[in-house]
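Have a look at the structure below, then the notes.
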Amino acid sequence: MWIYEKKLIYPVMVTRPDPAMARRLQMLLGGASGEFTASTTYLNQRYCMPVSCVRALLTDIGTEELSHVEMLSVMITGL
């Protein structure tokens, strides 16, 4: 079970709009090797894992990647 707290693991402060940087960050968010791709890959692989301790590790890594997705989304929205 996951617990969602309405705060980022690392505070994001954007001081001024920068559309060029927002476009670059979008590639980190949803590109072929982006954070969203990584999180869904880890979370999907856990269902095929027969070893329970490795399954738990994949769940933890996938959840951490989702927090990176959230941080990048907040940055892109601010920019």
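The values are calculated or read from the model by the stated rules, or taken from the named source; none is laboratory data. Bear in mind the structure is a predicted one, so any value in this text is a computation, not a measurement. When we count neighbours, we look across all protein chains shown, and the Cβ atoms used for this are built from the backbone with ideal geometry, even at glycine. Calculation scope for accessible area: heavy atoms of the full protein, side chains included, ligands and nucleic acids excluded. Shrake-Rupley method; radii C 1.70, N 1.55, O 1.52, S 1.80 Å.
Any idea of the accessible area per residue across the chain, 1.4 Å probe, to the nearest Å²? Please report the intermediate quantities before stating the final value.
On the way: 6050 Å² over 79 residues.
Value returned for the chain: 77 Å² of accessible area per residue.
Determine the share of the chain's accessible area contributed by carbon and sulfur atoms, expressed in whole percent, with a 1.4 angstrom probe.
Values: 3830 of 6050 Å².
It is 63 percent, rounded to a whole number.
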Loop-resident sites, the chain, for GluC sites (Glu not before Pro), counting at most 12 other Cβ within 10 Å (DSSP): Glu5
For helix 52-78, report the angle its Cα long axis makes with the longest principal axis of the Cα atoms of the chain; keep it between 0 and 90° and round to the nearest 10°. 10 degrees
Calculate, in nm to one decimal, what Arg23 and Thr41 gain on full extension: separation in residues at 0.36 nm each, minus their alpha carbon distance. 4.2 nm
In region 1-55, the chymotrypsin sites (Phe, Trp or Tyr not before Pro) that sit in a DSSP loop and have at most 10 other Cβ atoms within 10 Å of their own Cβ are Trp2, Tyr4
What nm value, rounded to one decimal, do you get for the distance between Ser52 and Ala32 when each label is placed 7 Å out toward the C-beta? 3.9 nm
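Which whole-number percentage describes the relative contact order of the chain, with Cα contacts under 8 Å and a sequence gap of 6 or more? Intermediate results must be reported in sequence, preceding the final value.
Details: 72 pairs, mean separation 34.4, N = 79.
About 44 percent, as a whole number.
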How far is it, in nm, from the label point at Arg16 to the one at Ser67 when both lie 7 Å from their Cα along the line to the Cβ? 3.2 nm
Using 10 Å bins from zero, what percent of all Cα-Cα pairs in region 1-51 falls into each bin? 18, 32, 36, 11, 3
Please name which of Gly30, Tyr47, Leu57 has its Cα lying farthest along the dipole of the chain towards the positive end, using unit charges on Cβ (Lys, Arg +1; Asp, Glu -1) and the Cα centre as origin. Gly30
